[in-house]
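Any read-out appearing in this document is the output of simple, stated calculations on the displayed coordinates, not a laboratory observation. Here the structure is a predicted model, which means the values were calculated and not measured. Virtual Cβ from ideal backbone geometry, glycine too; neighbours counted across all protein chains shown.
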Amino acid sequence: MSLLLNQPSKLCFRRPVLARSSPLHSNGFSSSSLQTPPSMMALKRTYFADYAHHFEKKVPPELVYNDIKDDDDIGTIGSSHGWVVTLKDDGILRLQDDLNPVASETDPKRISLPPLVTLPHCQTQIVTNVAMSSSSPEDDECVVAVKFLGPQLSFCRPALKNPEWTNIRIQNPCFFSSRVMFSETHDMFRIPGSGGHLIRSWSLHTPPKIDKLRFQNLPKLTKTKRKLLHSCFTSEHLVESRSTGETFLVKWYRRTPAKPIKGMATMITKALHVFKLDKKGNAVYTQDIGDLCIFLSKSEPFCVPASSFPQGLHSLQAMRSNHVYILDVDEFGLVELVDSSIASVNCTLKVPFYIPPQNIN
């Protein structure tokens, strides 16, 4: 799913945007860790995934109100590991931690990358998404990957003394609109091709490779359902569970309703299919991912154990296992995998990013 760069706002007053949340304990990756639950920002508040806990934090308005011209054009293009990524009209990409619920409000971090280099017959204005190989671009080995709409994929190591871009021109058109993610299991950046039958992988240390998937146990669809899915815009997403080591391919089916909602052409989710990948190249359809829940948004997708975030003292509900949380510019909701039921609402979301759990120091 591609992301068209929006323009920043020019406000008469620089009123800060507010975000609210509050921390919960988690045993997701270690018994002694203290983490925030997955979170999202909706207009002036940022909610954790239980939609009850919140905290208040100032956020630069240009990260939210970026649909009106400003003197310094900035587009918010993606997010990974709690870092929001912006792109200026001069080709400067910048990493910011403003939306991270545990980052400093008074001393936010800004990491600028070198100017983008556009390969011949490519473009670097429209970005599909951004992914990072570790939780902080300040790590020596951290690599940032930017997937542009079309053939170009670019890598950079921000912590180097003189960072520069490594640019790749993808030949196969089935990857042109795909999203990139980082696989800790394979230690490579991976991109699913359109339809999900191919996965291309890159590393700065080893030659690229391509894997072919064989779909197994496909869901039985009626003729009407099959016709509906064929009429949808479909995006493919790779996501890994760090707690179980499993890899999933998610197919997200969306379409525009027959009647515009509030006079606007929006997209609504019609179906979502999850396939578990194995080492033999099989993609097995499943309606049971156990205790896990998957988060899909304009951020790099992630997966966490629901039991790692139990019901809090003032929480209305706990995280839901075997569910997929969805978030886009015009929709957010929840998909229950066991019966494929969808509960979602259409609304305008300026920053449709799910933020993964963050360690609390």
In whole percents, the bins of 10 Å from zero upward hold the Cα-Cα pairs of the stretch 108-169 as 23, 52, 23, 2
The exposure ranking of 90, 97, fewest beta-carbon neighbours within 10 Å first, is 90, 97
Fewest to most Cβ atoms within 10 Å: 83, 202 sort as 202, 83
Least to most buried among 342, 170, by other C-beta atoms within 10 Å and fewest first, runs 342, 170
Cα convex hull volume per residue for the stretch 156-204, in Å³, equals 87
With T = 25 °C, eta = 0.890 mPa s and Kirkwood Rh from C-alpha pairs, the Stokes-Einstein D of the stretch 144-227 in µm²/s is about 168
With T = 20 °C, eta = 1.002 mPa s and Kirkwood Rh from C-alpha pairs, the Stokes-Einstein D of the stretch 92-221 in µm²/s is about 133
A correct Karplus calculation of ³J(HN,Hα) over the stretch 111-127, with 6.51 cos²θ - 1.76 cosθ + 1.60, θ = phi - 60°, whole Hz and x for Gly and Pro, returns 10, 8, 9, x, x, 5, 10, 8, 6, x, 6, 10, 9, 10, 9, 10, 10
Using eta = 0.890 mPa s and T = 25 °C, Stokes-Einstein with Kirkwood Rh from Cα pairs puts D for the stretch 182-232, in µm² s⁻¹, at 185
Rounded to 0.05, the calculated FRET efficiency for the beta carbons of residue 259 and residue 230 at R₀ = 22 Å is 0.60
Relative contact order of the stretch 267-361 (C-alpha contacts under 8 Å, at least 6 apart) in percent is 25
Against the 2.2 N^0.38 Å rule of thumb, the C-alpha Rg of the stretch 201-331 sits at a ratio of 1.22
